[in-house]
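Have a look at the structure below, then the notes.
Read-outs: derived from the displayed coordinates by stated rules, not from any lab. What you see is a predicted model; the values in this text were computed from it and never measured. Cβ placement follows ideal geometry from the backbone for every residue including glycine, while neighbour counts extend to all protein chains displayed.
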Amino acid sequence: MLTTHEEKEENILSFYNSLLGESPDREITVNLEELNVPGFDLSELDMPFSEDEVWKTISSLPSNKAPWPRWFHWKILQNVLANN
């Protein structure tokens, strides 16, 4: 039984590392600049979600769908959101 955050983290990382494996070093690389492929600034992808973004997403989901266990509907979260 895992009780600490560190034990849980180590177990999860170990599981996915064994499932996915490790990527080998590439022997060949492609220089996209030489191919005139435009670059993109992806730095925003590393930013954490804001609480406002999360609540907006929850509010926009259909209330009659169950993405989690069948007994759970987004309507519950939307009711919580409406009461806050």
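For this structure, a couple of remarks:
- Filter result (in a helix (DSSP H, G or I) and either surrounded by 10 or more Cβ atoms within 10 Å (Cβ to Cβ) or over 16 Å from the mean Cα position of the chain (by Cα) (or both)) within the range 25-58: Asp52, Glu53, Val54, Trp55, Lys56, Thr57, Ile58
- Residue list for the range 1-16, restricted to those being among the hydroxyl-bearing types (Ser, Thr, Tyr) and part of a helix (DSSP H, G or I): Ser14, Tyr16
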